[in-house]
Amino acid sequence: MNSLVILCDVNSIRAYVDYTLDKRATLLALFRGKVDACDADPYLLKAAKFHGVRVERACPVCKKRSLVELRYTFGDQLGQYSGRIKSDKELAEMEKEFGEFRVYVVEVCRGCSWNHLCASFLLGDGIVRKAPRRQRTLEDEDWVTR
């Protein structure tokens, strides 16, 4: 497995997909001037600033050490919590609580706005569960403040 995804106390990694070849093709096109790959969404940059995990690799574009990784989780069993960023510790806890969910690892350079999907994999204990009940949050349109 690629050294990008080293999670603490995680035992159920399966269906691992490494996007290194796609990354190479994107970088080659970038250096040839055919694409502009340093176009991270402002929300992605903000997420990288507050939730990113710094990695030892340098950015492949600007060569600075400002590269971070984000781990997004998606799955039907996660319910309204699908699409959230999770830490390694949270992923280790979640793999025991949910049957199956996919994790996407995205690298983001806070210096030049480079971003690319590094890997994806499934986690979970394999037991099918219903999604948790929906709870109202501050993001709901009908939330009334008093």
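The values are calculated or read from the model by the stated rules, or taken from the named source; none is laboratory data. Worth saying up front: this structure is predicted, and the values here are computed from it rather than measured. Virtual Cβ from ideal backbone geometry, glycine too; neighbours counted across all protein chains shown.
Residues Arg54, Arg71, Arg84: which one is surrounded by 15 or more Cβ atoms within 10 Å (Cβ to Cβ) and in contact with a strand residue (DSSP E or B) (Cβ under 7 Å, 6 or more places away or on another chain)?
Just a single option satisfies the conditions, and that option is Arg71.
Can you name the residue in segment 7-36 that is in a loop (DSSP other than H, G, I, E, B) and of a type in the set (A, V, I, L, M) and is also nearest to the chain's Cα centre (by Cα) among such residues?
Leu7
Would you pick out the residues in segment 28-51 that are hydrophobic (A, V, I, L, M, F, W, C) and touching a strand residue (DSSP E or B) at 6+ places or on another chain (Cβ under 8 Å)?
Ala37, Cys38, Ala40, Leu44, Leu45, Ala47, Ala48
Out of (1) at pLDDT 95 or above; (2) part of a helix (DSSP H, G or I), the odd one out for Glu90 is which?
(1)
Which condition number does Glu95 fail, the rest of (1) in a strand (DSSP E or B); (2) touching a Leu at 6+ places or on another chain (Cβ under 6 Å); (3) not aliphatic (A, V, I, L, M) being met?
Only one criterion in (1) in a strand (DSSP E or B); (2) touching a Leu at 6+ places or on another chain (Cβ under 6 Å); (3) not aliphatic (A, V, I, L, M) is unmet by Glu95, namely (1).
Please pick out the residue among Leu30, Leu78 that is in contact (Cβ under 8 Å) with a residue 12 or more places away in the chain, of a type outside the set (D, E, K, R), surrounded by 15 or more Cβ atoms within 10 Å (Cβ to Cβ) and under 23 Å from Phe121 (Cα atoms). Show your work before the answer.
Values: Leu30 fails: under 23 Å from Phe121 (Cα atoms).
After ruling out the rest, the residue left standing is Leu78.
May I ask you to verify whether Glu107 is touching a strand residue (DSSP E or B) at 6+ places or on another chain (Cβ under 6 Å) and either of a type in the set (Gly, Ala, Ser) or at pLDDT 95 or above (or both)?
yes
Any idea which of Val105, Val68, Val61 is in a loop (DSSP other than H, G, I, E, B) and of a type outside the set (Phe, Trp, Tyr)?
Working: Val105 fails: in a loop (DSSP other than H, G, I, E, B); Val68 fails: in a loop (DSSP other than H, G, I, E, B).
Being in a loop (DSSP other than H, G, I, E, B) and of a type outside the set (Phe, Trp, Tyr) holds for just one of Val105, Val68, Val61, which is Val61.
Scan segment 113-136 and tell me whether some residue there is touching a His at 6+ places or on another chain (Cβ under 6 Å) and in contact (Cβ under 8 Å) with a residue 24 or more places away in the chain.
At the first step, the residues of segment 113-136 found to be touching a His at 6+ places or on another chain (Cβ under 6 Å) are none.
Checked segment 113-136: no residue is touching a His at 6+ places or on another chain (Cβ under 6 Å) and in contact (Cβ under 8 Å) with a residue 24 or more places away in the chain.
Being charged (D, E, K, R) and either surrounded by 15 or more Cβ atoms within 10 Å (Cβ to Cβ) or not in a helix (DSSP H, G or I) (or both) is the filter here; which residues of segment 37-51 pass it?
Hits for segment 37-51 are Asp39, Asp41.
Those residues that are small (Gly, Ala, Ser) and either modelled with pLDDT under 80 or loosely packed, with under 10 Cβ neighbours inside 10 Å (or both), I need them from segment 110-141; list them, please.
Ala131
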